[in-house]
Amino acid sequence: MFAKLAATVFVALSAFSAGVTAAPAPAATELVARGPFHSFNNYGGFHDLSNFDNFYGSSNFDNSEFSESSITVVKEKEVVCHSESIEIIQQRLLVLQEMAKRIISEQICEVESQTIVFEQFHSSLHGFSRDLRRDSGRSVGYDSGILSHFGSFYQSDGSLSVDDWGFSGHDLGHSYVVPTGSNWGSHSFSSVANAYKAARSAVTKF
């Protein structure tokens, strides 16, 4: 299941992989209202955010509009989940976490932009939480097309790549793989809800 998280990490951050130059002092901090929507384009006068809305859309900051109708399942690629040691899974997820932190801290210089991009990434992961709890109407899976860029993070000298991978958040779901073999059953709605509550109750503030 961590593969779906990997896909989400890469989608949420890849649009901001290019280095940026110093921006002028912020002209304003308010969001620009567009009817019922808000725009982060040029938020605060920061030019590195000039195309922010293009990735998911101005009405879709956290990609909450991603729905089952957006998904095209890759029928010919059947994947069956198999359980590994939890420590192994936690290691992989921590690597993804630190990669996200490296991308944001090395490739965005404005602290305001760092904050906005991270909050978009962080909030978009909640969608997968809803998938796992079967609250979203989406299948639990990941986009194999987007995930295929996993090996393109580094340049030959070990620095982070800055090339455009040629997709946006609107492409998420076009090559969806839905692993089978989980233990989901008739009592899973309540047992997963209890597991979610137990996990959330263990969350503390740093």
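The values are calculated or read from the model by the stated rules, or taken from the named source; none is laboratory data. The structure presented is a predicted model; accordingly, all values stated were derived computationally and were not measured. Heads up, the Cβs are rebuilt from the backbone with ideal geometry, glycines too, and the neighbour counts pull from every protein chain shown. Just so you know, the surface numbers come from the protein's heavy atoms only, side chains and all, with ligands and any DNA or RNA stripped out. Shrake-Rupley method; radii C 1.70, N 1.55, O 1.52, S 1.80 Å.
With the convex hull drawn around the C-alpha atoms of the range 48-206, the volume per residue stands at 165 Å³. Summing charges over all other residues whose Cβ lies under 15 Å from the Cβ of residue 115, with Lys and Arg as +1 and Asp and Glu as -1, gives -4. Here the range 66-90 is scanned for amide nitrogen atoms under 19 Å from the site 7 Å beyond the Cα of residue 184 along Cα-to-Cβ, giving 66-84. Here the simple spin-label model places points 7 Å from the Cα toward Cβ, and for residue 134 and residue 59 these points are separated by 3.0 nm. For the range 63-204, the Cβ-based charge dipole about the Cα centre amounts to some 720 debye (Lys, Arg positive; Asp, Glu negative; other atoms uncharged). Annotation: extensible slack from residue 144 through residue 47 equals 31.7 nm (criterion: 0.36 nm per residue apart, minus Cα-Cα distance).
Entry comment: accessible area of the range 61-202 is 61 Å² per residue, from protein heavy atoms only and a probe of 1.4 Å. With the convex hull drawn around the C-alpha atoms of the range 100-146, the volume per residue stands at 87 Å³. Note on residue 204 and residue 165: their simple-model spin labels are 3.5 nm apart, each label 7 Å out from Cα toward Cβ.
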